[in-house]
């Protein structure tokens, strides 16, 4: 993470003679002025709840304590230790890792392909396409679920019908412990690509025109231009997209919630789903502990992404 | 900006690459992008993708004019057997639509404007201003983005309740007025703006606020449009928070009000659910149509470097 | 003031770690504990404002009853806030945490234990509400740790729905016991149904379909002392019986998708299923005109008993209610037989008061009357705060047997072990 931050240091540092301290202090003041509104809201509405829920994860708070949350016992790391023996949590962690590792690259590739396609100078129907590609993001999850179930239905579903044409006998996707998760991954990629596409489209606008022209004068084909102009210059946006998708996908919940309820035999139970259930059961402190383990996983994933996608200078 | 050091690598020219049409040059030609056959392929690929993507949306639209019995039918139908606007009629007759719509607009619009302003400000500070604690601040913001929302929900409500903000607009708005997502997004985009441009303005004696509002923001059109679309979407669709904060029906937002009748204890009224989803989604599409125009190359950006 | 204390709590929870202020000696917090004393409610008309939260169709239509009540009590005003079912549980839980509760709320029967254990609910004033007026199974949903914390408002219970036309074709009789239910399913399949009897193979709520069979066989969730008693031979036997439908291909191991059940039943691919009163409307809507002649309802089959599941909604009054007296008076009002009948006419919610079934449509319509009859023999799970979690364990073990092929005896032992480690909360 630090690398990425460091490379965006203002250009003046190190080039000029050191500034007088007064100027530096004034500049810092100005900077904190810019940060002020965010910081105020942050301290009141985020830092408090986060601190509270973090401390909660070291107690035995459950729903019956709702009215008297002070009357709980500190239990140290018990909730975290309990995670080690919670087999459902292990399964959920495995499922979530599977989902994230396959889902992120797939979604990013689809979204980037769509964004580049939509940005490739097509003029006719451009708006139409852009809206169309964004629609899955705003379509009701219930409608999405109905149509996807229809696609994946074993007997007359579209997917198995098409597979049948080439002689493949498709499985009952959502009732199979092997195929339920891949089905949900594809569905999630389908739902989220429009979201990332919007971000990528905006990022593509920041790439200066003349670089493409220069590359073309050098005889670079469209793939070479994509590879050597688009991708390197889109890095900050790609990084953003990867991090946002990672954060979203590690908290993967809606698809199994509407499609499989975490089944069959917990094969699509995600960590977030498990947390949701534990909250529902009233095990607040245990759910909070799980939430912070998930938090650590997100941080680790993000650190890796920052490393992989750091600007190459 | 990072120099595209590899861009000069020679490669086979694309089929349309060398062809430069005579005046007037089309947008595509100016960009040196696909021509002719290439472009046809782009259209084919985009159209195939489009069909796969809009299916459920179309089903939702068609579903909203079907009866519940037809919606429950397995396998589902595409075209309604007997199209009727009954679902919409029920919704509009039962719901005090103007109130909920107003609440939703007030909340989502305020949240969006707040995020645009506050997140860009911090994003600017994080990239273009040097100050102690900058890195820590960024890591903190990023960290906030990663805390699962479920975990902080109850403590957040207790705080808002103690501030006496339940059943008020501030209670609905303030917790979402400046989110870490926006800061991260704006930081990533502003980091792409050349430092030279800002230094030049500083040399001309411009203050930081002036540089921010007159130099940086005009270059952030696509980023601001993106942030506006995504923030508005999230706020507009937010369900649990407005439900919990609103103590009386007149403070409900649209998604909360629409959920009142569709989902029962044991059975779901799919027709109302679909019609409600369509009603909720239309303003978002309208906003997207309005803002996607800003996804054009920032003109000022091109001349630099 | 109390709200302020609570706010400080979550921010200053650190204090608790340091100062070690903990639960009271019995380790139960202030929640529940020994039998709570119910305060009485003064006689006379209700006055002041009563805030009521009610979900779904109930919330939407409650104004009808509220107006009658206000006509009878001119000094009182009932304000109804409808709440979507989807997140009603979370709304009530957060309201309790923040101390911003209404006077009265509708609560799903299976949430009662959890909310009662928070000590947020006011014990039912026995001088005002007569326990004997209600169905036993329904009343039990309000009882936590020996004390009632609410009043059953409406009920639902499960019956066997089956295609009478197919049954006739196959020459099978109305099911009366486990064997004849199996015979019915087999017969329906022979008559063309792909699945003879649809049973839930797992996932949330499977226990509601399974537990009636366990109860019929004499199994129980808890014993008389309130300890879990899931691992009985009766429970194993019931699970074996339940699983046999799947093994014999009479029931599908794939979770029915929304609409699949109604649509399959109307189309004849599902011969029978077990469900509650809402399905009467759903299948008749699905089957179209004349379908009511093609299917019928049957009482639960008898093994030792012919028990079904009872659920529905209870009305509770919060301890922090600003207008406790009027709140209870309103609750008492809506549990009068004639008001319950009117409520049935308004939203088709089945009355929890037995005498409301003695006249009118509820007595005359044979399908409806059967629900009333079944309610005489219907059970609910114990109102313990950890119930939802134990229910999820039962759901998971049903799935392990039915879908995963696990041994029923092992699954039942696992149910018991997990239930014991979860505990009864409090």
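The conditions of being surrounded by 24 or more Cβ atoms within 10 Å (Cβ to Cβ), under 27 Å from residue C:404 (Cα atoms) and in contact (Cβ under 8 Å) with a residue 12 or more places away in the chain are met by residue A:268.
Per the listing C:275, C:263, C:269, the residue uniquely within 14 Å of chain B (Cβ to nearest Cβ), more than 24 Å from residue C:180 (Cα to Cα) and in contact with a strand residue (DSSP E or B) (Cβ under 9 Å, 6 or more places away or on another chain) is C:263. Taking the criterion of being over 15 Å from the mean Cα position of the chain (by Cα) and either part of a loop (DSSP other than H, G, I, E, B) or at pLDDT 95 or above (or both), the residues of region C:93-114 that qualify are C:99, C:100, C:101, C:102, C:103, C:104, C:105. Here residue C:362 fulfils each of the conditions (1) assigned to a helix (DSSP H, G or I); (2) out of contact with any helix residue (DSSP H, G or I) (no Cβ under 9 Å at 6 or more places or on another chain); (3) surrounded by fewer than 23 Cβ atoms within 10 Å (Cβ to Cβ) apart from (2). Of the candidates A:75, A:102, the single residue that is surrounded by fewer than 21 Cβ atoms within 10 Å (Cβ to Cβ), in contact (Cβ under 8 Å) with a residue 24 or more places away in the chain and closer than 30 Å to residue C:319 by Cα is A:75. Take the conditions buried (at least 22 other Cβ atoms within 10 Å of the Cβ) and within 13 Å of chain A (Cβ to nearest Cβ) and apply them to residue B:253. Does it pass? Taking the combined requirement at face value, the residue does not satisfy it.
Candidates in region C:359-394 are the residues that are within 14 Å of chain A (Cβ to nearest Cβ) and free of Cβ contacts under 8 Å to residues at least 40 places away in the same chain; of these, the one that is nearest to residue C:155 (Cα to Cα) is C:389. Does region B:259-282 contain any residue that is closer than 19 Å to residue B:115 by Cα, within 17 Å of the chain's Cα centre (by Cα) and either surrounded by 19 or more Cβ atoms within 10 Å (Cβ to Cβ) or at the interface with another protein chain (Cβ under 7 Å from one of its Cβ atoms) (or both)? The answer is no, given that none of the residues of region B:259-282 is closer than 19 Å to residue B:115 by Cα, within 17 Å of the chain's Cα centre (by Cα) and either surrounded by 19 or more Cβ atoms within 10 Å (Cβ to Cβ) or at the interface with another protein chain (Cβ under 7 Å from one of its Cβ atoms) (or both).
Confirm whether residue C:356 is within 24 Å of residue C:149 (Cβ to Cβ), free of Cβ contacts under 8 Å to residues at least 60 places away in the same chain and buried (at least 18 other Cβ atoms within 10 Å of the Cβ). Against the criterion (within 24 Å of residue C:149 (Cβ to Cβ), free of Cβ contacts under 8 Å to residues at least 60 places away in the same chain and buried (at least 18 other Cβ atoms within 10 Å of the Cβ)), residue C:356 qualifies. Within region A:247-271, being outside any loop (DSSP other than H, G, I, E, B) and either at the interface with another protein chain (Cβ under 7 Å from one of its Cβ atoms) or farther than 30 Å from residue C:257 by Cα (or both) holds for one residue alone: A:247.
Could you look through region A:7-47, keep only residues that are more than 8 Å from chain B (Cβ to nearest Cβ) and modelled with pLDDT under 60, and pick out the one that is surrounded by the most Cβ atoms within 10 Å (Cβ to Cβ)? The qualifying residue surrounded by the most Cβ atoms within 10 Å (Cβ to Cβ) is A:7.
What's the number of the condition residue A:275 fails, among (1) buried (at least 24 other Cβ atoms within 10 Å of the Cβ); (2) touching a residue at least 24 places away in the same chain (Cβ under 8 Å)? Unmet condition: (2).
If the condition is being within 17 Å of the chain's Cα centre (by Cα) and more than 9 Å from every other protein chain (Cβ to nearest Cβ), then region A:272-295 contributes A:273, A:293. Please determine whether any residue of region A:75-89 is touching a strand residue (DSSP E or B) at 6+ places or on another chain (Cβ under 8 Å) and more than 14 Å from chain B (Cβ to nearest Cβ). Within region A:75-89, one or more residues are touching a strand residue (DSSP E or B) at 6+ places or on another chain (Cβ under 8 Å) and more than 14 Å from chain B (Cβ to nearest Cβ). The set of residues from region A:138-147 being at the interface with chain B (Cβ under 7 Å from one of its Cβ atoms) and in a helix (DSSP H, G or I) comprises A:138, A:142, A:143, A:144, A:146, A:147. The combined condition, being in contact (Cβ under 8 Å) with a residue 12 or more places away in the chain and either surrounded by 20 or more Cβ atoms within 10 Å (Cβ to Cβ) or farther than 15 Å from residue C:158 by Cβ (or both), is not fulfilled by residue C:259. For residues in region A:203-234 being in contact (Cβ under 8 Å) with a residue 24 or more places away in the chain, more than 7 Å from chain B (Cβ to nearest Cβ) and not in a loop (DSSP other than H, G, I, E, B), which is nearest to residue B:185 (Cα to Cα)? Residue satisfying both the conditions and the ranking: A:203. Residue C:288 fulfils the conditions (1) at positive phi; (2) surrounded by 21 or more Cβ atoms within 10 Å (Cβ to Cβ) except for a single criterion, (2). All conditions but one from (1) surrounded by fewer than 21 Cβ atoms within 10 Å (Cβ to Cβ); (2) at the interface with chain B (Cβ under 10 Å from one of its Cβ atoms); (3) part of a helix (DSSP H, G or I) apply to residue A:109; the one that does not is (2). Taking the condition more than 14 Å from chain C (Cβ to nearest Cβ) and assigned to a helix (DSSP H, G or I), does residue B:178 pass? Answer is no for this residue. Scan region B:144-167 for residues that are without any contact (Cβ under 8 Å) to a residue 24 or more places away in the chain and more than 7 Å from every other protein chain (Cβ to nearest Cβ) and the total you get is 3.
Residues that are in contact with a helix residue (DSSP H, G or I) (Cβ under 6 Å, 6 or more places away or on another chain), outside any loop (DSSP other than H, G, I, E, B) and within 14 Å of chain C (Cβ to nearest Cβ) within region B:32-81 comprise B:59, B:63, B:68, B:69, B:71, B:72, listed in sequence order. Do you know which residues across region A:152-174 are part of a helix (DSSP H, G or I) and surrounded by fewer than 21 Cβ atoms within 10 Å (Cβ to Cβ)? Selection gives A:158, A:159, A:160, A:161, A:162, A:163, A:164, A:165. Taken over region B:128-143, the criterion of being crowded, with 18+ Cβ neighbours inside 10 Å and under 19 Å from residue A:303 (Cα atoms) is satisfied by B:134, B:137, B:138, B:141, B:142.
Counting only helices (runs of 4 or more DSSP H) wholly contained in region C:1-89, the ones carrying 3 or more residues that are surrounded by fewer than 21 Cβ atoms within 10 Å (Cβ to Cβ), at pLDDT below 90 and more than 14 Å from chain B (Cβ to nearest Cβ) occupy C:13-19.
The values are calculated or read from the model by the stated rules, or taken from the named source; none is laboratory data. What you see is a predicted model; the values in this text were computed from it and never measured. All Cβ positions, glycine included, derive from the backbone under ideal geometry; neighbour counts span all protein chains shown.
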